[in-house]
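Everything on this sheet refers to the single structure shown next.
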Amino acid sequence: MLLTISTASSVTSRPATDLGFLLHKHPDRVQEFAQSFGTARVFYPEATERRCTAALLLDVDAIRLARSRGKTAPDFSLGQYVNDRPYAASSLLAVALADVFRTARAGRCAARPELAAAPLPLEIRLPALPCRGGAALAHRLFEPLGWEVAAEAVPLDEGFPEWGDSRYVRLALRGEVRLADALNQLYVLLPVLDDAKHYWLAGDEVDKLIRAGGGWLAGHPEKGLITRRYLGRRRGLERTAFARLAELGDDVEEALEPPVDEEVVPEREDSVTGTDDVTGADASAPEAPAVAEGPAEHGAGRTTEHAGEAPHDSAASDTPDGDATGPDAAPVPLNVLRRDAVVAAVEELGARTVIDLGCGSGQLLAALLARPAFTRIAGADVSTQALAIAARKLKLDRMPDAKRARLELFQGALTYADPRFAGYDAAVLMEVIEHVDPPRLPALERVVFGSAKPAHVVVTTPNREYNVRYDFLGEGRAMRHPDHRFEWTRAEFAAWARAVADRYGYRVAFRAVGDDDPDVGPPTQMAVFSVAGERSEGDG
């Protein structure tokens, strides 16, 4: 199987042969790398100052691969010896790529550091790529990453066109992309397109997915499909991965929804070579926090239909955000701590009617509905998709009449005055304001604090100072999600909150949510506003 990576250069700019520096492979040599299933070779079919192409050729030893597989594997029989593994790109090529280009994947190049950090004009070709979903799926996976995609179905037999197309495509990608990003995208997406892996999926697969996809996967519109296929549809691994991605992105709930075009298959007994890229492929990448197995509660779907709002930002269960209940207890996910802190604050304020502005998939609404003291609850969101998910998650169609009478869901944008926002004791903006473009913040302030003017407003937002505690964010990724327009330090948040309180006649108090680190503060910061004269704990 073959993969080529090309770059071109004009006479006035850097030579194209700088690709050799970035890949850490000299253009004048053929280099071999032993794999457990064969031999990988790197060579350069062309290497001039104007154009340079590096080729990764993987020679698969089908006998060695077959002998490494257990008798319970689905293709234990002649299929182990007669298959496409030696010829078509698959997880075998992804593992070889990760091993051979491990330093390039980490984005390190001492000789050309500025080049390693910059996008390059790249062209990547794969002549035979198994693609369950056809050429259209290749477009769906690569185009959101900035690639120009050319995917051509390979006919079953060119001599018999009536037989139709095979499941393989010829794939060509062109774009201005950082080389490390391109390699990590291929590492994840090759087995996703093939929808099969040659080795047993263990818990460390989640680590590898997060490390390789940390800079792009959280914001990918197909991240649910990518995560499911990459992790072999193991629900436990999927939920752990979505919890990890939640701290990078908000749109977790949609990712958990089963796709209508994805067939759910039983767990495979994919047997093992015993090694893949566990020791080599990720050795140079930043270490991610340890994964705690088991289900985690997830947050709301991201709202992107309007630039003004987005619903709640969820968090990871494996990050150092939560508090354990005992020496052996798993950490409480940050999104659970945040939700509980908001509910506790609203209860302390004595509110009986509450509106969740930017309610997303209804996580907070469910917690409020569970408390009979809240007699009237509303959820507003700009996204109809988020509201549909909230209705389904809350089982609105089967909700008892008494509880259903307490709840209202409606669509609305927070930057436009809406009489439906008014009339509540408390309003909640949980992980919403950071999705608003700074020039539009005054409009949101006028709508919430000036027009709706509830007695109390509870606001939470990420603390930018705490981001250094998230190793898996990676270098150059200052914010937790690509849709965040900003993330504030504690001082910046306090300055904004006090200015809003002064303008609209409120008092404000501040609270920490999650582990309050002595150096960088908590992962989430909360402001509790109360109309002047109303009670507010710990006024600041």
Gyration tensor (Cα only) of segment 120-186 to equivalent ellipsoid, semi-axes in Å sorted down, yields 26, 11, 9
Of the accessible area of segment 123-174, computed with a 1.4 Å probe and all protein chains kept, carbon and sulfur make up a percent value of 54
In whole Hz, the Karplus estimates of ³J(HN,Hα) for segment 483-494 (6.51, -1.76, 1.60; θ = phi - 60°; x where Gly or Pro) are 7, 5, 7, 6, 9, 9, 6, 4, 5, 5, 5, 5
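Measuring with a 1.4 Å probe in the full set of protein chains, what accessible area per residue, in whole Å², belongs to segment 108-216?
The answer is 40 Å² per residue.
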Calc'd 3J(HN,Hα), segment 24-34, phi into Karplus 6.51 cos²θ - 1.76 cosθ + 1.60 (θ = phi - 60°), Hz, glycine/Pro = x, comes to 6, 9, 6, x, 8, 10, 9, 10, 10, 9, 6
In order over segment 344-353: 3J(HN,Hα) from phi, Karplus 6.51/-1.76/1.60, θ = phi - 60°, whole Hz, x for each Gly or Pro, gives 4, 5, 5, 5, 4, 6, x, 5, 10, 10
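The values are calculated or read from the model by the stated rules, or taken from the named source; none is laboratory data. Only a predicted model underlies this, so the values are computations on that prediction, with no experimental measurement involved. For accessibility, only protein heavy atoms count, side chains too; no ligands or nucleic acids. Shrake-Rupley method; radii C 1.70, N 1.55, O 1.52, S 1.80 Å.
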